[in-house]
1. Compare the peptides 53-63, 28-38 by average per-residue count of other Cβ atoms within 10 angstrom and give them in order, highest first.
2. Classify region 61-101 as rounded, prolate or oblate from the Cα gyration tensor: take a ≥ b ≥ c as the square roots of its eigenvalues, call it rounded if a/c is under 1.5, otherwise prolate when a/b beats b/c and oblate if not.
3. From the square roots a ≥ b ≥ c of the eigenvalues of the alpha-carbon gyration tensor of region 88-156, which class results: rounded (a/c under 1.5), prolate (a/b over b/c), or oblate?
4. Quick one: work out the % antiparallel among DSSP beta bridges in region 23-203, nearest 5.
5. What percent does the relative contact order of the chain come to when contacts are Cα pairs within less than 8 Å and at least six residues apart?
6. How would you rank 67-80, 104-117, 220-233, 195-208, highest first, on the average number of other Cβ atoms within 10 Å across their residues?
7. Extending each Cα 7 Å along its Cβ direction at residue 47 and residue 203, get the distance between those two points in nm, one decimal.
8. For the chain, what does -39500 (n - 2.57) per DSSP helix run (n ≥ 4), summed and divided by total residues, give at 222 nm, in deg cm²/dmol to the nearest 500?
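Every number in this text was worked out from the coordinates using simple rules, so none of it is lab data. What you are looking at is a predicted structure, and each value in this text was computed from that prediction instead of being measured. All Cβ positions, glycine included, derive from the backbone under ideal geometry; neighbour counts span all protein chains shown.
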């Protein structure tokens, strides 16, 4: 397993969990939309504006469930063929690993099959992982049992809907994964809604809600100027200046 650079690791090479943020920070972030989060992150100038979020291959399956905010639990799967001897990791080992990541947890699964053919996710695994403190999943693979999982309130972000689990098995967990063009490390803070999924740098997370409200206030002034009866380009230029 590949280690995560810049982080403490276990003897097995997995990233050590980071200290969780205060619950009120997570609750505040949950009130924001993902585009608002993206705008707020830009104000800190901690990364280029064209990175840090998943591409449009990852779709929100249950938009009405609202915003999902939590820490990443990572794994890789295959399903096209039965596992080779020693390839599949024990389920209990993964469950125990999940509990090392702070709650709320989001399971981020990289499907190594091209194209994906078998779904790890359905009613049973959604219930298992919900019991383990997980609130949803993000995967470049598929999901199924949509009605049952939607009623459970478990978030599904995926590239497709699938019929079968085929020969699905976990081949690795607790290491970086790439889903929707974004590399996700264990313990990363993710924010997702009907627009998509973004990674929030932990170092700015406590200040992000305040920054988001400042961005929204500036945007509101521009919108109000555009809707005002006496709209002028001069006023618009003044606000943008």
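1. Answer by packing, highest mean first, reads 28-38, 53-63.
2. oblate
3. Judged from the Cα gyration tensor, region 88-156 comes out oblate (a/c at least 1.5, b/c at or above a/b).
4. Expressed as a percentage, antiparallel bridges in region 23-203 total about 50.
5. 29
6. Sorting 67-80, 104-117, 220-233, 195-208 by mean packing, highest first, produces 67-80, 104-117, 195-208, 220-233.
7. Using points 7 Å along Cα→Cβ, the separation is 1.2 nm.
8. On the way: 7 runs with 72 residues, N = 241.
Roughly -9000 deg cm²/dmol at 222 nm, from the helical runs in the chain.
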